[in-house]
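Quick notes on the structure that follows.
The values are calculated or read from the model by the stated rules, or taken from the named source; none is laboratory data. If you're wondering where the values come from, they're calculated on a predicted model, not measured in any experiment. Cβ placement follows ideal geometry from the backbone for every residue including glycine, while neighbour counts extend to all protein chains displayed. Please note that ligands, DNA and RNA were not included when accessible areas were found on the heavy atoms of the full protein model with its side chains. Shrake-Rupley method; radii C 1.70, N 1.55, O 1.52, S 1.80 Å.
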Amino acid sequence: MEKREISFSPPDITDLEIAEVIRTLKSGWITTGPRTKLFEKKIAAYCGTGRAAALNSATACLEASLRLLGIGRDDEVIVPTYTYTASVSPVCHVGAKPVMVDVAPGAYEMDYDAMEHAITEKTKAIIPVDLGGVICDYEKIFEIIERKKALFSPSNKLQEAIGRIVVIADSAHAFGAKKLIGGSWKRCGAIADFTSFSFHAVKNLTTAEGGALTWRKIEGIEDEWIYRQLMLLSLHGQSKDALAKNRTGAWEYDILFPGYKWNMTDVMGAIGLKQLERYPDILKKRCRIIETYDKAFRPLGIQVRKHFDKGQASSGHLYLMRIPGIGETERNRIISLMAEEGVASNVHYKPLPMLTAYKELGFDMKDYPNAYRQYENEITLPLHTCLKNEDIEYIITKVVEVIRRVGELDHAV
Ligand SMILES: Cc1ncc(COP(=O)(O)O)c(C=O)c1O
């Protein structure tokens, strides 16, 4: 088999996106403006929510939701250990305490019993992570929160209107995923109270960098009010955005509080609009690749993340597989050998308590044995829409060859 070079997740950019970016660059308006606003409308329509706010990253979206909710010092926020730092760093940014929960044995989601035990009278939010694009069990999460409602004491009007712990989904991977809830299909974005999406360069739908926040209707609170707060937070707390200020004679503005700089530009919005048009095809292609991988790897005893099930359709963002019976050393050797064969692969994730920042906050990996077991034999394969059939065939052949060479799957392969 002739050697191929296969990258992990290159952006899938066509002439459609390029032409729209050129039109934007020539339009006379390149920062936040009509294209970003249209992108927001289309995201809300796609997810089935009243509004959406497009910002410059999912990290900003998470922090914006925490700040909007007034979560900060003396508050606790429950987060999983098995995720990327960006699920948790915004909790640290606002000064709240992250409370980490292990995954359930053999799972990529929080252990829901452990999550329930972690709830205290200080818990203000839970951030579940839809890892790889698979939607978490939000019905169970809401059920637990309802059971613990008596512990919750709101510290402001928005928290009072919600009246319980707030569920902020880290759906950086899960744009386009859907789930059957209460007899009807719901898109990711319309399930948790707030949902944060990433449009980073490696994501299914990209704006180079970028993200969006959606939310479910909150009784007694106008969507428009939430949107306005998010816009203020994301642009210096400035009473007028750049487009409004730019109108002839409309220079005057006020700064209502020292806000942040998280806005999405129209150049990013232009890419997003065209990616969104192509998105149904992108999702179909990802689904086909997953099916091909599953067919090849499942019979060999390799454990793969289930993306599609009755009542559940993932966005197919990451192909996570676990090689039974191996540890970190063999896993890393497999990754190096695959790299020599030209196949880039990755690990999702190194649990947070293994990282310096979180060790220094006092987290100890010994307290999260299930996350460690998920991590030690996990390998993520290339899964993207630039893959050709021959690439997929090549990856499958090389994965099997390399695992055999490392000799750990002899019993299975
Ligand atoms: C699980 C998870 N959450 C959040 C993020 C942050 O996304 P962004 O880079 O758009 O801030 C990432 C990015 O890869 C992620 O993997």
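Please find, among Gly106, Gly132, Gly163, the residue that is in contact (Cβ under 8 Å) with a residue 12 or more places away in the chain, at positive phi and either within 16 Å of the ligand (Cβ to nearest atom) or aliphatic (A, V, I, L, M) (or both).
Details: Gly106 fails: either within 16 Å of the ligand (Cβ to nearest atom) or aliphatic (A, V, I, L, M) (or both); Gly163 fails: either within 16 Å of the ligand (Cβ to nearest atom) or aliphatic (A, V, I, L, M) (or both).
Criteria check complete, one pass: Gly132.
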Candidates Tyr293, Tyr227, Tyr253, filtered to the one that is in contact with a strand residue (DSSP E or B) (Cβ under 7 Å, 6 or more places away or on another chain) and modelled with pLDDT under 95: Tyr253
If I ask for residues that are touching a Gly at 6+ places or on another chain (Cβ under 7 Å) and under 20 Å from Leu25 (Cβ atoms), which ones from region 240-279 would you list? Leu243, Met264, Asp266, Met268, Gly272
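Give the residues of region 43-62 that are assigned to a helix (DSSP H, G or I) and either open to solvent by 20 Å² or more (accessible area, probe 1.4 Å) or more than 12 Å from the ligand (Cβ to nearest atom) (or both), sorted by residue number. Lay out the reasoning, then the answer.
Within region 43-62, the first condition is being assigned to a helix (DSSP H, G or I), and the residues that meet it are 43-47, 58-62.
Within region 43-62, Ile43, Ala44, Ala45, Tyr46, Cys47, Thr59 meet the criteria.
Which of the residues belonging to region 96-140 are among the hydrophobic types (A, V, I, L, M, F, W, C), assigned to a loop (DSSP other than H, G, I, E, B) and farther than 29 Å from Ser184 by Cβ? Before the answer, list the steps.
The initial filter retains those residues of region 96-140 that are among the hydrophobic types (A, V, I, L, M, F, W, C), namely 96, 99-101, 103-104, 107, 110, 114-115, 118-119, 125-127, 129, 131, 134-136.
Checking the rest, the ones that are also assigned to a loop (DSSP other than H, G, I, E, B) come to 96, 104, 107, 119, 127, 134-136.
Of everything in region 96-140, just one residue is among the hydrophobic types (A, V, I, L, M, F, W, C), assigned to a loop (DSSP other than H, G, I, E, B) and farther than 29 Å from Ser184 by Cβ, namely Ala96.
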Are any residues in region 235-249 part of a loop (DSSP other than H, G, I, E, B) and either closer than 29 Å to Arg164 by Cα or open to solvent by less than 50 Å² (accessible area, probe 1.4 Å) (or both), and if so, which ones? Gly237, Ser239
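I'm trying to understand the selection: among the residues of region 299-330, which are over 27 Å from Ile135 (Cα atoms) and not in a loop (DSSP other than H, G, I, E, B)?
Glu328, Thr329, Glu330
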Taking region 5-22 only, how many residues are more than 18 Å from the chain's Cα centre (by Cα) and open to solvent by less than 70 Å² (accessible area, probe 1.4 Å)? 8
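Run down Leu25, Leu69 and say which single residue is more than 16 Å from the ligand (Cβ to nearest atom) and open to solvent by 10 Å² or more (accessible area, probe 1.4 Å).
Numbers: Leu69 fails: open to solvent by 10 Å² or more (accessible area, probe 1.4 Å).
One residue alone meets the criteria, Leu25.
Let's see how each residue does on (1) small (Gly, Ala, Ser); (2) within 11 Å of Ile379 (Cα to Cα); (3) touching a Cys at 6+ places or on another chain (Cβ under 8 Å):
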{"site": "Tyr293", "(1), (2), (3)": "no, no, no"}
{"site": "Gln303", "(1), (2), (3)": "no, yes, no"}
{"site": "Phe308", "(1), (2), (3)": "no, no, yes"}
{"site": "Met321", "(1), (2), (3)": "no, yes, no"}
From the residues in region 183-234 that are free of Cβ contacts under 8 Å to residues at least 40 places away in the same chain and open to solvent by 30 Å² or more (accessible area, probe 1.4 Å), which one is farthest from the ligand (Cβ to nearest atom)? Gly183
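What number of residues within region 130-171 are small (Gly, Ala, Ser), under 20 Å from the mean Cα position of the chain (by Cα) and open to solvent by 20 Å² or more (accessible area, probe 1.4 Å)?
0
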May I ask you to list the residues in region 342-357 that are open to solvent by 40 Å² or more (accessible area, probe 1.4 Å) and more than 21 Å from the chain's Cα centre (by Cα)? Thr356
Starting from residues that are open to solvent by less than 10 Å² (accessible area, probe 1.4 Å) and not in a helix (DSSP H, G or I), keep the ones in region 73-95 and report whichever is nearest to the ligand (Cβ to nearest atom). Thr83
Taking region 326-373 and keeping only residues that are of a type in the set (Lys, Arg), touching a residue at least 24 places away in the same chain (Cβ under 8 Å) and within 18 Å of Tyr84 (Cβ to Cβ), one is left with Lys350
Identify the single condition in (1) closer than 23 Å to Gly70 by Cα; (2) under 20 Å from the mean Cα position of the chain (by Cα) that Tyr227 does not satisfy, given that it satisfies every other one. (2)
Count - residues of region 172-182 that are buried (at least 24 other Cβ atoms within 10 Å of the Cβ) and at positive phi: 1
